[in-house]
Amino acid sequence: MRYRHRMPFGAEFEQGLARFRLWAPGASGVRLEVTHGEKRIDVAMQTNGDGWHSALVSDMTAGAQYKYRVSDSLSVPDPASRYNPEDVHGPSALVDPCTFEWPHEMWKGRPWEEAVIYELHVGTFTPDGTFNAAVARLDYLVRLGITAIEIMPVADFPGRRNWGYDGVLPFAPDASYGTPDDLKGLVVAAHARGLMVILDVVYNHFGPEGNYLHAYAPQFFNARHQTPWGAAINFDGDQARTVRDYFIHNALYWVEEFNLDGLRLDAVHAIADDSRPDIVTEIAAALHQGPGSERHVHLILENDRNQARYLTRATDRAAPVCASAQWNDDFHHALHILTTGERDGYYCDYSERALWFLARTLAEGFAFQGEVSAHRGGQPRGEVSKQLPSTAFIIFTQTHDQVGNRAMGERIAALALQNALRVGVICFLLAPSIPMLFMGEEFAASTPFLFFCDFGAELATAVRDGRRKEFSAFERFSDPAKLASIPDPNAESTFACSKLKWNEVGEEGHHEWHRLYSDLLEIRRKAIVPHLAGSAHAGHFQVIGENKIGVDWVLGDGSALHLIANFSERPWERYPRPRGELLFPLELATTDTLPAWSALWTLEPVRA
């Protein structure tokens, strides 16, 4: 089988014929420059109106390199490049996606309720940091109990290393990870093992280096909306239709041409769009009506506004109208306070009732469902979410953000009281919400995950100094020497020390965590996932005393799941044992005391 997503822009190449189209309304004329073996082609592109320029070139082969000359002094890569082997400032390469042969067995994906997500960064997941190298770790993930990998952005970014959120060529997998066919090979290998593949994409901004759109398509941006990155991407101003189509095609391209199982839209709260339907809704509709009409395709959001409207379910209770789920940072923030005691920054919103907020996120989704947020200047935050199923929310103890945005990149296992973290893990891995792990957390990886990049000299200095200035207000870094100890994001050593050490999996102090995660995920697979399909709404919760919670859910088939958790240093004597079969821990089957820092799960069958 061969997959191609046809686009109205970029280079469409088939059987030796290449069609080039560029939207450059700010350029009076555009020339196409092609390097094809010993041949050099330099032709004026035809002006087609409405800012479009096109050219048709025959006798081409895959790998031919090309650029667009938009002025006498500037030649730029294709903004819809499928591959840029010489990085973001270099020429684009012609790609024929139909040369990749997919297995004939049609992969239909997996239902959303089966998702157990593993977030990974390709460059630090393995020593080699490539798509091909990642394949060797897939069997390990399957044995752990993972059913989906979520790959941090791979869109071409400047330099050899980056988190991926500074991408400037959204259609081109970064060459430092491998070729487009290498990424497809990773997808094939994942599907062969029953793993879904979800890709993180960034539609709220372009990175600060290598974005040439301002030079020939200033209409791509709308100065009416200002963002932390400058003028917003133009989703709702004059000539916004072309911009919207660019990103809609990007979403379809990744899902159709790379056979992906879904996308995670980064920070949709930072997308400025006053139109209706907004771009998020239009992307979701395109996915549902396109590839999603034939197989499972999932859309995940990151949205600090807690807008439950994007998570609405259809009348059959299962299919999402827009997004399958949202990252639930509220769960993380409440648990972080309970396990570490940290209360700075946005944690202050949760600090007075951390346990109550934790229980609410487990039962109802968002912690803030319209309540006032002190951290956000006293503004209301969020929408009511308790009408949604728990599977509309993804919960976690850490993510790339929560680890990497710390000055020293510490993981939760390096910060938390271990007993408190253990009970938190027991809670989140067996809850009906979709659990997500950040790579290495399952064995309490000792390596940090630092902020790293590889910008040009002037920008590199600004990023390094800006990051240290950001943390200078923290008491911990009041000493200039400690402030200077914050790793330089551009240093190769910062990237290198963020790579996982896989030998730790079997070592003392790490193996015990790995066993806990794998045991819990096995219980989830056997005892909980079979009951989740069709769940209509979230659960009910109570805080018992100062440091204990109870949460109850009715699952899709009518069975009931119960949690009792003790976030205390003292045992809970004669605790109210929930009805049903004991799922975890089995050693509590014959006692009426819940130990300190522990949690108990039971499953009650459907009543006759």
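The values are calculated or read from the model by the stated rules, or taken from the named source; none is laboratory data. Treat the numbers as computed from the prediction; the structure is a model and nothing was measured. In this analysis, Cβ positions are derived from the backbone assuming ideal geometry, glycine residues included, and neighbour counts consider all displayed protein chains.
Please indicate, with yes or no, whether at least one residue in segment 93-109 is touching a residue at least 24 places away in the same chain (Cβ under 8 Å), on the phi < 0 side of the Ramachandran plot, over 31 Å from the mean Cα position of the chain (by Cα) and not in a loop (DSSP other than H, G, I, E, B). Within segment 93-109, not a single residue is touching a residue at least 24 places away in the same chain (Cβ under 8 Å), on the phi < 0 side of the Ramachandran plot, over 31 Å from the mean Cα position of the chain (by Cα) and not in a loop (DSSP other than H, G, I, E, B).
Condition first: more than 21 Å from ASP238 (Cβ to Cβ) and either of a type in the set (S, T, N, Q) or without any contact (Cβ under 8 Å) to a residue 40 or more places away in the chain (or both). Now tell me which residues in segment 260-280 satisfy that. Once the filter is applied, which keeps residues that are more than 21 Å from ASP238 (Cβ to Cβ) and either of a type in the set (S, T, N, Q) or without any contact (Cβ under 8 Å) to a residue 40 or more places away in the chain (or both), segment 260-280 yields only HIS269. When ARG160 is tested against (1) over 20 Å from the mean Cα position of the chain (by Cα); (2) among the basic types (Lys, Arg); (3) not in a loop (DSSP other than H, G, I, E, B), only condition (3) is not met. Of the strands (runs of 3 or more DSSP E) lying entirely inside segment 1-71, those carrying at least 2 residues that are touching a Ser or Thr at 6+ places or on another chain (Cβ under 9 Å) are 10-14, 17-23, 31-36, 46-49, 52-57, 65-71. Against the condition outside any strand (DSSP E or B), modelled with pLDDT of 95 or more and farther than 29 Å from LEU195 by Cβ, how does ARG376 come out, does it pass? So ARG376 does not fit the description; no.
Taking segment 220-258 as the range and being of a type in the set (D, E, K, R), over 23 Å from the mean Cα position of the chain (by Cα) and crowded, with 16+ Cβ neighbours inside 10 Å as the test, only ASP236 passes. Here HIS5 fulfils each of the conditions (1) modelled with pLDDT of 95 or more; (2) closer than 14 Å to VAL95 by Cβ; (3) over 29 Å from the mean Cα position of the chain (by Cα) apart from (3).
Close contacts from segment 570-591, counting a first residue that is in contact (Cβ under 8 Å) with a residue 24 or more places away in the chain and a second that is among the acidic types (Asp, Glu) and surrounded by 12 or more Cβ atoms within 10 Å (Cβ to Cβ), with Cβ to Cβ under 6 Å and a gap of 6+ residues or different chains, come to ARG579/GLU604; GLY580/GLU604. In segment 472-498, the qualifying residues are those that are in contact with a Lys or Arg (Cβ under 9 Å, 6 or more places away or on another chain) and among the aromatic types (Phe, Trp, Tyr), and the one that is farthest from THR130 (Cα to Cα) is PHE477.
Do we have any residue at all in segment 522-531 that's modelled with pLDDT of 95 or more and not in a helix (DSSP H, G or I)? Reasoning before the result, please.
Going through segment 522-531, the residues modelled with pLDDT of 95 or more turn out to be 522-531.
Retained after the next criterion (residues that are not in a helix (DSSP H, G or I)): none.
There is no residue in segment 522-531 that is modelled with pLDDT of 95 or more and not in a helix (DSSP H, G or I).
In the condition set (1) surrounded by fewer than 19 Cβ atoms within 10 Å (Cβ to Cβ); (2) β-branched (Val, Ile, Thr); (3) within 29 Å of the chain's Cα centre (by Cα), VAL554 is compliant with all but (1).
Is at least one residue of segment 497-509 touching a strand residue (DSSP E or B) at 6+ places or on another chain (Cβ under 8 Å) and crowded, with 19+ Cβ neighbours inside 10 Å? No, that holds for no residue. All but one of (1) within 19 Å of SER498 (Cβ to Cβ); (2) outside any loop (DSSP other than H, G, I, E, B) hold for TYR165, so report the exception by its number. It fails just one condition, (2). Number of residues in segment 451-498 that are touching a Leu at 6+ places or on another chain (Cβ under 8 Å), in a loop (DSSP other than H, G, I, E, B) and not hydrophobic (A, V, I, L, M, F, W, C) equals 4.
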